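Values quoted throughout were computed directly from the atomic coordinates according to the rules given, and no laboratory measurement underlies them. Because the structure is predicted, anything quoted here is derived from the model rather than measured.
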Amino acid sequence: MENRQHIAPIGDEGLYILDTGSWRNFRPVIDQEKCSKCGLCFTFCPVNSISRVDNEYQISMSYCKGCGICANECPRKAIDMVPEGGKE
Ligand code: SF4
Ligand code: SF4
């Protein structure tokens, strides 16, 4: 099954979620220089949008809702919420 890390952990096979990030107003941007790789953002994201890839945390914009929980929980303040269409 493709993109298994983006399947919601519901049911035996998981539940595919289509692109539900299109109505997001803000997007989280991780400053990898500040990030300590603690994994708290991964733990707190309510829609499982954050994954660890090649020793760094990355966010899938296909599913991120822009809720800001990850930015709020990050102990290093390594995640900025930026307006969609704004700076990266
Ligand atoms: S919570 Fe912050 S410091 Fe921890 S892994 Fe996520 S971005 Fe990095
Ligand atoms: S903004 Fe919300 S949905 Fe997007 S990665 Fe952070 S916690 Fe997950």
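Close amide H contacts of Phe26 (hydrogens built in the peptide plane, cut-off under 5 Å, sequence separation of 5 or more or a different chain): Glu84. Gain on full extension, evaluated as 0.36 nm per residue between Met61 and Lys77 minus their Cα-Cα distance, stands at 3.8 nm.
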